[in-house]
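The values are calculated or read from the model by the stated rules, or taken from the named source; none is laboratory data. These numbers were taken from a predicted model, which means no experiment stands behind them. As a convention, Cβ positions derive from the backbone with ideal geometry for all residues, glycine included, and neighbour counts pool all protein chains shown.
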Amino acid sequence: MLTVQEIMETVKMVQEEHLDIRTITMGISLRDCADADPRAACDKIYEKITRLAGNLVSVGESIAREYGLPIVNKRISVTPISIVAECSRADHYMLFAETMDRAAAEVGVNFIGGFSALVHKGITGGDSKLLATIPAALAGTERVCASVNVATTKAGINMDAVALMGRIIKDTAGRTADRDGLGCAKLVVFANVPEDNPFMAGAFHGIGEPEVVINVGISGPGVVKRAVERLNGADFGALAETIKKTAFKITRMGELVGRTAAERLGMPFGIVDISLAPTPAVGDSVAEILEAMGLERCGTHGTTAALALLNDAVKKGGAMASSYVGGLSGAFIPVSEDAGMIRAVEENALHLDKLEAMTCVCSVGLDMVAVPGDTSADTISAIIADEMAIGVINQKTTAVRIIPAPGKKVGDYVEFGGLLGRAPVMLVHPFSASIFIARGGRIPAPIHSLSN
Amino acid sequence: MKYLNLDQNPGNRVIVTVIGPDRVGIIAGVTGIMAENNVNILDISQTIMQEFLVMVLIGDMGKSTTDLLELKDRLNAKGTALGIRIDAQHEDAFKFMHRL
């Protein structure tokens with residue numbers, strides 16, 4: 001029994017408020033593809049991905065049409081390649097990146113994640129080769145996404161890896177200078193990385209995951225924004241309650257799509273990632289939700305509190321709507337992918353420091369942030385270190401996806417197009433952190449890691 | 001508040017939504033396509049929201065001669081011809097969101 005009002009509420013969410021499922025991501029274990037001969041390993045990888053994911057796009061598209069709910073992306077995540085390739089005799093892993101790219105193209109997905117390494121405590125031989133290949137892999141392939149976990153609450157922060165990532169990001173930007181440093185938009189540095197995240201660029205298929213799994217990432221900032229707008233003048237209790245109920249409804253759609261996709265593909269259903277993922281479309285913005293709560297511009301005083309309320313209410317509502325919640329689960333604040341965030345930066349309301357504060361209370365971190373092309377590798381490493389410290393101390397995931405845009409200065413723009421959007425170049429502090437970063441070693445795990 | 005009849009043949013029903021300016025022939029157009037494809041109409045409800053006609057039909061696909069995606073395409077095309085928006089979605093999209 002449903003009412004016309006309920007049916008029209010759902011229709012309106014899709015037609016007017018940009019409700020969509022952001023991604024169905026198939027996680028595939030490649031552990032059985034390891035081989036001493038890199039070419040043989042890559043043949044196995046290509047065969048396995050194309051065999052398992054061959055129907056992913058068509059199944060996703062038919063579900064989208066039957067339920068009348070757009071499914072924006074169909075994607076693939078794989079076991080970190082540093083693990084799969086480690087026993088091979090290859091000196092570098094370019095062949096593996098090219099194989100991932102080719103397999104993704106063959107099955108028709110726009111991104112494949114898992115050119116990854118987990119180096120939070122130290123770097124192995126395979127990790128080292130993978131890290132060295134990242135700039136070439138991101139410049140030389142179209143669909144491959146890379147991620148590196150450099151810190152956990154249990155292990156502390158691998159500052160050698162943080163220092164290295166600063167240089168890798170600079171190198172990647174340089175090699176993709178003709179595209180505003182696009183390669184860096186496909187590279188995420190993490191603390192406490194989740195192993196079942198369906199969202200790119202940070203998705204990979206964790207080592208505790210099954211052979212193959214279907215994970216779903218939801219979206220829906222536009223729906224939450226409209227719900228908040230209707231609550232003019234209501235107190236915070238009412239605000240949180242409304243966001244919770246809205247998140248519940250959005251998450252139910254993710255649960256439905258995930259379960260249906262898993263059933264049709266004959267694979268286990270993993271998790272729903274209850275994240276509010278914005279797009280560059282006007283009205284589909286997390287920043288605009290915060291502004292609808294009563295802030296003149298995102299980034300002004302009060303923004304962190306507003307985001308904390310939003311993030312918590314989304315989790316509470318979403319957790320009740322799905323049997324398995326995982327991934328990043330929270331509000332995303334990528335600058336280039338959110339029209340409200342872009343405007344806030346343009347109007348000088350939002351700076352890198354406030355953005356960093358916001359990452360303390362939401363799901364990810366400094367995401368899709370463009371900085372001047374002459375920003376040094378050490379400064380980028382220091383920005384990463386700050387973000388990792390927030391994650392490690394607060395026992396949460398944090399990440400950095402930063403683009404030192406070649407040849408650009410503050411006030412310029414980088415243009416990536418599509419879902420990656422466009423970003424105004426933001427100011428970084430001019431004072432050096434080089435001596436700090438050069439120390440090397442590992443920042444020990446915090447006292448509260450001793451929880452056993 | 002009127003509840004739409006969703007008690008018969010659960011699991012194989014389609015919810016057709018029609019939104020647009022009222023005009024002659026909308027019901028005839030929608031139900032004509034459903035009849036052509038042997039989709040039995042279980043319930044119809046219509047109302048006016050902000051000057052727009054809003055109509056919801058529940059169809060039983062059990063004996064339909066087509067599948068949901070094909071029906072959806074035909075209804076979409078009819079909607080375009082009539083200058084209104086007609087969509088067809090599986091009932092689960094609504095039940096999952098609004099009912100536990």
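Assorted remarks:
- Screening B:Val54 with (1) in contact (Cβ under 8 Å) with a residue 24 or more places away in the chain; (2) within 14 Å of chain A (Cβ to nearest Cβ); (3) surrounded by fewer than 14 Cβ atoms within 10 Å (Cβ to Cβ) gives one miss only, at (3).
- Taken over the range A:356-368, the criterion of being part of a helix (DSSP H, G or I) and either touching a residue at least 40 places away in the same chain (Cβ under 8 Å) or under 8 Å from A:Thr304 (Cα atoms) (or both) is satisfied by A:Ala357, A:Met358.
- For the range A:232-261, residues that are away from chain B (no Cβ under 14 Å) and polar (S, T, N, Q) total 2.
- Checked against (1) among the aliphatic types (A, V, I, L, M); (2) away from every other protein chain (no Cβ under 14 Å); (3) surrounded by fewer than 19 Cβ atoms within 10 Å (Cβ to Cβ), A:Ala53 passes all but a single condition, namely (3).
- Filtered residue count, the range A:57-78, keeping only those that are more than 14 Å from chain B (Cβ to nearest Cβ) and either assigned to a strand (DSSP E or B) or surrounded by 24 or more Cβ atoms within 10 Å (Cβ to Cβ) (or both): 7
To keep it simple, each residue is scored yes or no on (1) touching an Asp or Glu at 6+ places or on another chain (Cβ under 9 Å); (2) modelled with pLDDT under 95; (3) under 27 Å from A:Gly140 (Cα atoms).
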site	(1), (2), (3)
A:Ala185	no, no, yes
A:Phe204	yes, no, yes
A:Val212	no, no, no
A:Asp235	no, no, no
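- Among residues of the range A:361-407, those that are surrounded by 24 or more Cβ atoms within 10 Å (Cβ to Cβ) and basic (Lys, Arg), counted: 1
- Residue within the range A:305-316 that is modelled with pLDDT of 95 or more, over 28 Å from A:Thr172 (Cβ atoms) and part of a loop (DSSP other than H, G, I, E, B) present: no
- Residue in the range A:60-82 that is at pLDDT 95 or above, touching a His at 6+ places or on another chain (Cβ under 6 Å) and of a type in the set (Val, Ile, Thr) present: yes
- Cβ-Cβ contacts under 9 Å between residues 6 or more apart (or on different chains), taken from a first residue in the range B:73-100 that is touching a residue at least 24 places away in the same chain (Cβ under 8 Å) and facing another protein chain (nearest Cβ under 9 Å) to a second residue that is of a type in the set (Ser, Thr, Tyr) and assigned to a strand (DSSP E or B), are listed as B:Arg85/B:Thr17; B:Asp87/B:Thr17; B:Ala88/B:Thr17; B:Gln89/B:Thr17.
- With respect to the conditions (1) within 14 Å of chain A (Cβ to nearest Cβ); (2) in contact (Cβ under 8 Å) with a residue 60 or more places away in the chain; (3) surrounded by fewer than 18 Cβ atoms within 10 Å (Cβ to Cβ), B:Ile44 lacks only one, and its number is (2).
- Screening the range A:79-98 for residues that are more than 14 Å from A:Asp37 (Cα to Cα) and crowded, with 21+ Cβ neighbours inside 10 Å and picking the one that is nearest to the other protein chains (Cβ to nearest Cβ) gives A:Thr79.
- Filtered residue count, the range A:135-163, keeping only those that are over 13 Å from A:Met388 (Cβ atoms) and either without any contact (Cβ under 8 Å) to a residue 60 or more places away in the chain or under 16 Å from the mean Cα position of the chain (by Cα) (or both): 13
- Selection of the range A:9-26 for residues being assigned to a strand (DSSP E or B) and more than 13 Å from chain B (Cβ to nearest Cβ) yields A:Arg22, A:Thr23, A:Ile24, A:Thr25, A:Met26.
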